[in-house]
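Engineer: Following this message is one structure expressed as structure tokens.
No value in this document is a laboratory result; all are computed from the given coordinates. Just so it is clear, the model here is predicted, and its values are computed rather than measured.
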């Protein structure tokens, strides 16, 4: 509990610091990141294995250890997919059905319907991490940065190792020009999952800009 909570505090501190700015994103458009730095929102792969049976926390702890120790990108991808499978398993038939319909709505670009479905999921299953993460992603796509950050904070409260949510948080911080905190969050994501090529590229680019800057 202690280390997991500490990780959450570390990552969410950046969200708290930018909350006031993000809340105004409805009326003030943030500057776009420089060319070549854009990162697409991280989504779970389409074809995932069945989630492991047994104790979920213990399984995730094992998989995150394997992810960090993976010798190559292919091995890491297999472990990452097993992590996503566990994250997507809600343990509720109703939540699973609504999530499936939300995915269909997203694929059809019906984001309003997707948001309504995800709203319903987090009400009936507030500990379902991936519903919060999926809603955060849609809100980011709609440039609703304040609500997206609120959802990301909830994701990281439930799962401090969620590298997908961290990448989203870093993207929002980068949108608002807070490159130092974005770099901190991206680096944290890479500590958890070293095999994130786009995040690695962002860290390299931001490191060149931030290192040596008087902040």
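Engineer: Please label the shape of the range 142-189 as rounded, prolate or oblate, based on the square roots a ≥ b ≥ c of the eigenvalues of the alpha-carbon gyration tensor (a/c under 1.5 means rounded; beyond that, a/b larger than b/c means prolate, else oblate).
Structural biologist: Oblate, because a/c is 1.5 or more while a/b does not exceed b/c.
Engineer: Next question, about the same structure. Once the range 45-111 is represented by equal point scatterers at the alpha-carbon sites, with solvent omitted, what log10 I(q)/I(0) does the Debye formula produce at q = 0.13, 0.14, 0.19, 0.24 Å⁻¹?
Structural biologist: Here the Debye-derived log intensity ratios amount to -0.45, -0.51, -0.81, -1.02.
Engineer: What does the convex hull of the alpha-carbon atoms of the range 32-186 project to on average, in nm²?
Structural biologist: One quarter of the hull surface, i.e. the mean projection, equals 9.7 nm².
Engineer: May I ask you to give the average projected area over all directions of the convex hull of the Cα atoms of the range 106-192, in nm² rounded to one decimal?
Structural biologist: Mean orientational projected area (the range 106-192, Cα hull): 5.5 nm².
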